[in-house]
Amino acid sequence: AGIRALRRKSVLLTGYLDFLLRTMDPHQHHFVIITPQNPDERGCQLSLLMKQNGRRAFDSITKAGVIADWREPDVIRVAPVPFYNTFEEVFRFAEVFKKALA
């Protein structure tokens, strides 16, 4: 695969996740992405500052099989890893996360 190919896929996967999340909550009622939007300023993870019910949303996605990271007091970190995550999995995560926000 090579490092360049992995980095390219990482940028695309994380960018796709960023797009799905921003589209899902365009007015930031539920969360704010606090990771820099510029791909050159971030790795493959996005940190979501939850405005309400963050722990409940995290527990819901965990129960659905998503492996993410909870950071006190109110941040969910998700990371589509290019070595083994797919674009379909990123899309499915967005669906699971949207349900968790309801």
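Under the condition of being within 14 Å of L101 (Cβ to Cβ) and under 10 Å from the mean Cα position of the chain (by Cα), which residue from the stretch 10-29 is least open to solvent (accessible area, probe 1.4 Å)?
L21
Quick one: which residue in I76, I34 is touching a strand residue (DSSP E or B) at 6+ places or on another chain (Cβ under 7 Å), of a type in the set (V, I, T), touching a residue at least 24 places away in the same chain (Cβ under 8 Å) and surrounded by 17 or more Cβ atoms within 10 Å (Cβ to Cβ)?
Answer to the selection: I76.
When D69 is evaluated against the numbered criteria (1) surrounded by fewer than 17 Cβ atoms within 10 Å (Cβ to Cβ); (2) out of contact with any Phe, Trp or Tyr (no Cβ under 8 Å at 6 or more places or on another chain); (3) over 18 Å from E89 (Cβ atoms); (4) of a type outside the set (F, W, Y), which criterion, by number, is the only one it fails?
(3)
If a residue must be over 17 Å from N53 (Cα atoms), open to solvent by 30 Å² or more (accessible area, probe 1.4 Å) and not acidic (D, E), how many such residues does the stretch 86-102 contain?
4
So which residues in the stretch 37-48 are open to solvent by 60 Å² or more (accessible area, probe 1.4 Å) and within 13 Å of the chain's Cα centre (by Cα), if there are any at all?
Across the stretch 37-48, the qualifying residue is only Q37.
The values are calculated or read from the model by the stated rules, or taken from the named source; none is laboratory data. Small disclaimer: the values here were computed from a predicted structure and weren't measured. In this analysis, Cβ positions are derived from the backbone assuming ideal geometry, glycine residues included, and neighbour counts consider all displayed protein chains. SASA here: full protein model, heavy atoms, side chains in, ligands and nucleic acids out. Shrake-Rupley method; radii C 1.70, N 1.55, O 1.52, S 1.80 Å.
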